[in-house]
Amino acid sequence: MTANPILRAIASHREAIQADEASYDDDGCALSKELADRTGAAESAAFQALAIEPCRSHADVQAKVHYLLTGSVGVPTPLIECFGFDEYGGDAVIYRFVASLLLPDRE
């Protein structure tokens, strides 16, 4: 796995999506409620971790924003829309996401 924290967070979120999707059958029914709850919570936590991970370079900002604009979860719901759902952290995560895009001063 990559040492870059943003790319690592993206990879972790993708893995969490795959695990969550595997907890449902082809008709979208949960294989078990407990499993679906657990994998759903893990996916949400991975999304929030990615959203608030500080960017350290322009490439980090590009990678994070690109993934959130082009990735999807579920039916599929574009990842950027997840900010509108309380289970993804709500307003607190949105503010921390925006702050995470600010690059450190290099003076």
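The values are calculated or read from the model by the stated rules, or taken from the named source; none is laboratory data. Not measured: the values here are computed from a predicted model. Ideal geometry is used to build each Cβ from the backbone, glycine not excepted, and the neighbour counts take in all protein chains shown. Heavy atoms of the whole protein, side chains included, go into the accessibility calculation; ligands, DNA and RNA do not. Shrake-Rupley method; radii C 1.70, N 1.55, O 1.52, S 1.80 Å.
Using a 1.4 Å probe over the heavy atoms of the protein chains, calculate the carbon and sulfur portion of the accessible area of the chain as a whole percent. Don't skip to the end; give the middle numbers.
Values: 3740 of 6640 Å².
For the chain, the apolar C and S fraction of the accessible surface comes to 56 percent.
Using the alpha-carbon centroid of each, what span in Å lies between the stretch 3-25 and the stretch 56-103?
Their Cα centres are 14 Å away from one another.
Considering only DSSP states other than H, G, I, E and B, which trypsin sites (Lys or Arg not before Pro) in the stretch 42-107 qualify as loop sites with at most 11 other Cβ atoms within 10 Å?
Numbers: sites: ARG56, LYS64, ARG96, ARG106; in loops: ARG56, ARG106.
For trypsin sites (Lys or Arg not before Pro) across the stretch 42-107 that sit outside H, G, I, E and B with at most 11 neighbouring Cβ atoms in 10 Å, the list reads ARG106.
Around LEU101, what is the net charge, scoring Lys/Arg as +1 and Asp/Glu as -1 over all other residues with Cβ under 12 Å from its Cβ?
Charge balance in the 12 Å sphere: +1.
Let me see the P(r) profile for the chain: every Cα-Cα distance counted, bins of 10 Å, each bin given as a percent of all pairs.
Once binned at 10 Å, the Cα pair distances of the chain give 15, 46, 29, 9, 2, 0.
Run the numbers on the chain and let me know its relative contact order in percent, using alpha-carbon pairs under 8 Å that are six or more apart.
Numbers: 103 pairs, mean separation 30.1, N = 107.
This gives 28 percent for the chain.
Taking a probe of 1.4 Å, how large is the accessible area per residue of the stretch 39-107, in Å²?
On the way: 4050 Å² over 69 residues.
Result: 59 Å² per residue.
For THR2 and ALA49, compute 0.36 nm times the residue count separating them, minus their Cα-Cα distance, and round to one decimal in nm.
15.3 nm
Rank GLU34, GLU87, GLU43 by mean-square fluctuation in a GNM of the chain with C-alpha springs under 10 angstrom and give only the top-ranked residue.
Maximum fluctuation in the GNM of the chain, among the listed residues, is at GLU34.
Scaled to the compact-protein estimate 2.2 N^0.38 Å, what is the alpha-carbon radius of gyration of the stretch 58-107, rounded to two decimal places? Could the numbers behind the result be given before it?
On the way: Rg = 12.5 Å, N = 50, 2.2 N^0.38 = 9.7 Å.
This ratio for the stretch 58-107 stands at 1.28.
Highest mean first, what order results for 18-28, 4-14 on Cβ atoms within 10 Å? Show your work: numbers first, answer last.
Working: 18-28: 12.4, 4-14: 18.4.
Those peptides, ordered most packed to least, come out 4-14, 18-28.
Hey, in the GNM for the chain with a 10 angstrom Cα cutoff, which one of ALA42, ALA16, ALA30 fluctuates hardest?
Maximum fluctuation in the GNM of the chain, among the listed residues, is at ALA30.
Just reorder LEU35, LEU68 by solvent-accessible area, largest first, 1.4 Å probe, all chains present. Numbers along the way, then the final one.
Values: LEU35 50, LEU68 0 Å².
So, going from the largest accessible area down, we get LEU35, LEU68.
Would you please give the FRET efficiency between ASP25 and ARG96, computed as 1/(1 + (r/R0)^6) with r the Cβ-Cβ distance and R0 = 41 Å, to the nearest 0.05? Display every interim value, and only then the final one.
Working: r = 35 Å, r/R0 = 0.85.
In this case the efficiency is close to 0.70.
Please give the calculated 222 nm ellipticity per residue for the chain, where each DSSP H segment of at least 4 residues contributes -39500 (n - 2.57) and the sum is spread over every residue; nearest 500 deg cm²/dmol? Before the final figure, lay out each step's value.
Working: 4 runs with 61 residues, N = 107.
Calculated from helices alone, the mean residue ellipticity at 222 nm is -18500 deg cm²/dmol.
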